[in-house]
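The values are calculated or read from the model by the stated rules, or taken from the named source; none is laboratory data. Keep in mind that this is a model prediction, so the values were computed, not measured. Areas reflect the complete protein model, heavy atoms only, side chains present, ligands, DNA and RNA absent. Shrake-Rupley method; radii C 1.70, N 1.55, O 1.52, S 1.80 Å.
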Amino acid sequence: MTMKEASERYKIPMKILKEYEKWELCGAVWQYDDQDIERLSLIMTLHGMGFNNSEVETYMRLTLEGDHTGSERIAMLNRRRDRTLDEIHFKEKQIAHMDYLRHEMQKSI
């Protein structure tokens, strides 16, 4: 399957396909097999979770090295999870401040 076919069939952005090829994670350039599509799906999932390009590349290289890298990949997922929770808590504090200000303004209206 060509890059264009993979992009259209699986709704994979061309940017991600070009990154994948740049990292030389696929077999033959411009031809994708089922294993490549599975890897690309994982790449899209990692991007969707907030991983940056460098983190995605590192994670994918570890994946290709095999199961013995599982603890490293779990550590990467845990770090991303912790950062996401920090972002959520920060947003919750912002919402609490907004709610307080709205409440104070509504009392005076």
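How much of the accessible area of the range 30-109, in percent, comes from carbon and sulfur atoms when a 1.4 Å probe is used?
Within the range 30-109, the accessible surface is 55 percent carbon and sulfur.
Provide the convex hull volume over Cα atoms per residue for the chain, in Å³.
Normalising the Cα hull of the chain by residue number yields 123 Å³.
For a test of understanding, tell me how many lysine pairs in the chain have Cα atoms under 28 Å apart, given they are 8 or more places apart or on different chains.
Final tally of qualifying lysine pairs is 6.
Going by alpha carbons, how many degrees (0 to 90, nearest 10) lie between the helix axis of 70-108 and the longest principal axis of the chain?
Tilt of helix 70-108: around 30 degrees.
Whole number in Å², please: accessible area per residue of the chain, 1.4 Å probe, ligands, DNA and RNA not counted.
Solvent-accessible surface per residue comes out at 72 Å².
Using a Gaussian network model of the chain with C-alpha springs under 10 Å, which one of GLU87, GLU55, GLU21 is most mobile by mean-square fluctuation?
Between GLU87, GLU55, GLU21, it is GLU87 that shows the largest mean-square fluctuation.
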